[in-house]
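Asker: Below are the structure tokens for one structure; questions will follow.
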Amino acid sequence: MFHEMKELILKNVTGELSGIAAAVFDGRRLTPDDALTLYRNADLSLMGLLATTVKRRKSGDAVFFNRNFHIEPTNICLYNCRFCSYHKPEGDPDSWELTENEILDLVRRFDGVPVTEVHITGGVHPSRDIHYYGRMLAAIRKARPDISIKAFSAVELAYMIRKEGMSWTEGISLLHSYGLDSIPGGGAEIFDPALRRRICPEKADAETYLAIHEAAHNLGLNSNATMLYGHAESPEQRIDHMLRLRDLQDRTGGFNAFIPLKFKRENNRMSELGEVPVTEDMRNYALSRIFLDNFNHIKAYWPAIGKSSAMMSLAFGADDLDGTIDDTTRIYSMAGSVESRPSLSTTELIAMIRSAGFRPVERDTSYAAVREW
Ligand code: V47
Ligand code: SF4
């Protein structure tokens, strides 16, 4: 069946695209120029077929999900990224700052619930330091020794580690000793320096983001990578972003998943840009699945794109659906996500995966199967 489909496609695709499609079928790596040609010229249906070919090579008919919950310790942030709908300065009536007890109360809400991971991220608080965050990790670790702690984007880490005068390796080792298991992908945005200066001039730059992930990988901690797309970036800038991630992954193999994050326009200073259509979301999922040949997983974060698009992304290379049980994150509800109170039961998620024609597999943070459904 696969062979026949491949022959049929290769017979009907002409010009430069035919060599690129053949490379994808044969498992050969695409150059950035190939990726651009594909992105510019391929029909969406071809993108879907090629991405699904790569997805099936990586994970067969499995689609993963994990049972996690989020803690956002604060939305107070030193920075002022133009796309962010969430941050507030210290003292603002809409800001929040959870105490250690409030954080532990959140953790206790999941006592007896079979979650395997907590995801902790928030604003870059000007007066917190690495020891404060370390104590937070230790308290959570004590309350739930059985779950994996995925915490602090590279941007939060850059601030707290620099403040302490430590190297990235020293800072991450210290946090690891307090209980940190892995690092989420936030803060990557778009690596291109000129565009980054326009949309988030203050936060850690691309080199810092990559150096922090590299240091974590070298210490044996895995991480995720993200890309904020659908704003002012060009296809070339998306491909450059993915190329830098692919190069790092060649060196370390430490990334678990790539997560494309669609720009949402409500309540931020980039609203005038609008949002890209669902066809663009799918083209972008497919391109990332095809180009990032050394990433095992492409994650669709449904609280950002909505349930329908998340289901559709499974036909464009995504093999992991994030956001289960009780997604308490406010990053997207404040940015105008269609899912204003994101929440999805395990049963619903499993039904979504099955209806898209895949086999649901519950995973832990390192993608080991916890249960097949
Ligand atoms: O870095 C902020 C993005 C990210 C907007 O690692 C926005 O498993 C769209 O990284 N429109 C944080 N995006 C969230 C994040 C994440 C989410 C899910 C899973 C994982 C993981 C990581 O949210 C920020 C930024 O890129 N963001 N504002 C907005 N208006
Ligand atoms: Fe702060 Fe993150 Fe918002 Fe930027 S995206 S302003 S770093 S909370």
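Asker: How much accessible area does TYR178 have with a 1.4 Å probe, in Å² rounded to the nearest 10?
Answerer: Surface accessible to solvent at TYR178 totals approximately 60 Å².
Asker: Oh, and also: Tell me which lysines have Cα within less than 30 Å of LYS6's Cα, excluding those fewer than 8 residues away on the same chain?
Answerer: LYS55, LYS58, LYS299
Asker: In addition: Please report, as a whole percent, how much of the solvent-accessible surface of the chain comes from carbon and sulfur atoms (probe radius 1.4 Å). Walk me through the numbers before you get to the answer.
Answerer: Details: 7370 of 14610 Å².
Its accessible area is 50 percent carbon and sulfur atoms.
Asker: Give the share of C-alpha pairs in each 5 angstrom bin for region 2-55, from 0 to the last occupied bin, in whole percents, shortest bins first.
Answerer: 4, 20, 37, 29, 8, 1
Asker: Further, regarding this structure: Sort out for me the Cα centre separation of region 63-116 from region 134-185, rounded to whole Å.
Answerer: 15
Asker: Sticking with this structure for a sec: Which order do the peptides 305-314, 126-135, 88-97, 286-295 take when ranked by the mean count of other beta-carbon atoms within 10 Å per residue, highest first?
Answerer: 286-295, 305-314, 126-135, 88-97
Asker: Near ASP320, within a Cβ-to-Cβ distance under 12 Å, what is the net charge of the other residues, with Lys and Arg +1 and Asp and Glu -1?
Answerer: Working: positive: LYS55, LYS58, ARG289, LYS299, ARG363; negative: ASP319, ASP322, GLU362.
The answer is +2.
Asker: Per q in 0.08, 0.10, 0.11 1/Å, what log10 I(q)/I(0) does a Debye calculation on the alpha-carbon atoms of the chain return?
Answerer: -0.38, -0.61, -0.74
Asker: Please name whichever of ASN12, SER366, ALA188 sits farthest to the positive end of the charge dipole of the chain, dipole taken about the Cα centre and charges placed at Cβ: Lys and Arg +1, Asp and Glu -1.
Answerer: Positive-most Cα among the choices belongs to ASN12.
Asker: Given Cβ point charges of +1 (Lys, Arg) and -1 (Asp, Glu) and nothing else, what value in debye, to the nearest 20, does the dipole of the chain about its Cα centre take? Present the calculation step by step, with values, prior to reporting the outcome.
Answerer: Working: 44 positive and 51 negative charges, 80 e Å.
Using Cβ point charges on Lys, Arg, Asp and Glu, the chain gives about 380 debye.
Asker: Where q = 0.14 Å⁻¹, what log10 of I(q)/I(0) comes from the Debye formula for region 1-130, counting one point per Cα?
Answerer: So the normalised log intensities work out to -0.78.
Asker: Return the single residue from ARG109, ARG144, ARG196 with maximal mean-square fluctuation; model: Gaussian network over the chain, springs between Cα atoms under 10 Å.
Answerer: ARG109
Asker: Among 186-194, 13-21, how do they line up by average Cβ neighbours within 10 Å per residue, starting with the highest?
Answerer: Descending packing order for the listed peptides: 186-194, 13-21.
Asker: Here's another thing I want to ask about it. Taking LYS307 as the anchor, which aspartates and glutamates have their alpha carbon closer than 12 Å to its alpha carbon, excluding any fewer than eight residues away along the same chain?
Answerer: Straight-distance partners of LYS307: ASP322, GLU339, GLU348.
Asker: Heavy atoms of the protein only, probe of 1.4 Å, neighbouring chains included. What is the accessible area of SER167 in Å², nearest 10?
Answerer: Accessible surface of SER167 is approximately 50 Å².
Asker: A further question on this structure: Compute the angle between helix 346-355 and the longest alpha-carbon principal axis of the chain, please, reported from 0 to 90 degrees and rounded to the nearest 10.
Answerer: Taking Cα atoms only, the helix is inclined about 10 degrees.
Asker: Keeping all protein chains in place and using 1.4 angstrom, which order do ARG197, ARG371 fall into by accessible surface area, from largest down?
Answerer: ARG197, ARG371
Asker: Another question, if that's okay. THR279 accessible area, nearest 10 Å², 1.4 Å probe?
Answerer: Per-residue accessible area (THR279): approximately 70 Å².
Asker: Please list TRP168, TRP373, TRP302 from largest to smallest accessible area, probe radius 1.4 Å, with all protein chains kept in place.
Answerer: The residues order as TRP373, TRP168, TRP302, largest area first.
Asker: Probe of 1.4 angstrom, ligands and nucleic acids ignored: what's the accessible area per residue over the chain, in square angstrom?
Answerer: I get 39 Å² per residue for this part.
Asker: Once phi is turned into θ = phi - 60°, what whole-Hz ³J(HN,Hα) does the Karplus curve with 6.51, -1.76 and 1.60 give for every residue of region 238-246, x standing for Gly and Pro?
Answerer: Working through the residues one at a time gives 4, 5, 4, 4, 5, 4, 5, 5, 5 Hz.
Asker: Rounded if a/c is under 1.5, else prolate if a/b is larger than b/c, else oblate: which is region 186-320, with a ≥ b ≥ c the root eigenvalues of its Cα gyration tensor?
Answerer: Judged from the Cα gyration tensor, region 186-320 comes out oblate (a/c at least 1.5, b/c at or above a/b).
Asker: Which shape class applies to region 121-172: rounded if a/c is under 1.5, otherwise prolate when a/b exceeds b/c and oblate if not, where a ≥ b ≥ c are the square roots of the Cα gyration tensor eigenvalues?
Answerer: On the way: a/c = 1.92, a/b = 1.74, b/c = 1.10.
Prolate, because a/c is 1.5 or more and a/b exceeds b/c.
Asker: Same structure, new question: Lys and Arg at +1, Asp and Glu at -1: add these up for the other residues within a Cβ distance under 12 Å of HIS176 and post the number. Show your work: numbers first, answer last.
Answerer: Numbers: positive: ARG141; negative: GLU170, ASP181.
Net charge around HIS176: -1.
The values are calculated or read from the model by the stated rules, or taken from the named source; none is laboratory data. Computed from a predicted model, the values in this text were never measured in an experiment. Glycine also receives a Cβ, built like all others from the backbone with ideal geometry; neighbour counts cover every protein chain displayed. All accessible areas refer to the heavy atoms of the entire protein, side chains included, with ligands and DNA or RNA removed. Shrake-Rupley method; radii C 1.70, N 1.55, O 1.52, S 1.80 Å.
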